[in-house]
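Report on the following structure.
Every number in this text was worked out from the coordinates using simple rules, so none of it is lab data. Computed from a prediction, not measured in an experiment: that's the story for all the values here. Using ideal geometry, Cβ is built from the backbone for each residue, glycine included, and neighbour counts are taken over all protein chains shown.
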Amino acid sequence: MYWKYPQLIHLVEFRTIEGISPVYIYTTATNKLLIGYVIESTTGLMTDKTLCIYNFSKNFLNNKKMLDLINKYKNKTCIIDCYSESWGKKKVIIGRQILIDWVQEFLEEEKLLSPIIIRNNLDLLIRLNLLIQ
């Protein structure tokens, strides 16, 4: 189950960012695309991590490593896309901007944590073939 718009707003309004790991996915063998962040945040004494993907394609769901990442953050995943339940076009535009603005405030003052890089399964096969030849 992916988060709906009100859950994203609640995250942004009531939590403080402690750390951010950018999430990249390889779209070709050499090009990687920033698709979102794993955000470590606190409210009171509670700290947890949330996967927020703002640049999404249904094709990503064909990637086992992407599915593993989503499953790792099972109840703490926000996919800001019309693909997800209750995200209309207007909410997608507003939600993406809210997330980017919130993260940007942190990025201006702090350093990023280690990035999470998702490689395409096909890219790995292509590289292995090139090494063998």
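Go through region 70-102 and report how many residues are among the acidic types (Asp, Glu) and in a loop (DSSP other than H, G, I, E, B).
First pass over region 70-102, keeping only residues among the acidic types (Asp, Glu): 81, 85, 101.
Now drop any that are not in a loop (DSSP other than H, G, I, E, B), which leaves 81, 85.
Residues meeting the conditions: 2.
Condition check ((1) touching a residue at least 12 places away in the same chain (Cβ under 8 Å); (2) surrounded by 12 or more Cβ atoms within 10 Å (Cβ to Cβ); (3) under 28 Å from ARG119 (Cβ atoms)) across all residues:
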| residue | (1), (2), (3) |
| --- | --- |
| VAL23 | yes, yes, yes |
| ASN31 | no, no, yes |
| LEU69 | yes, yes, yes |
| LYS91 | yes, yes, no |
| GLU108 | no, no, no |
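Within the bounds of region 56-69, is there any residue that is closer than 17 Å to TYR5 by Cα, assigned to a loop (DSSP other than H, G, I, E, B) and under 11 Å from the mean Cα position of the chain (by Cα)?
yes
Filter region 34-60 down to the residues that are surrounded by fewer than 13 Cβ atoms within 10 Å (Cβ to Cβ) and without any contact (Cβ under 8 Å) to a residue 24 or more places away in the chain, then identify the one that is nearest to TYR83 (Cα to Cα).
Only one residue fits best here, namely ASN59.
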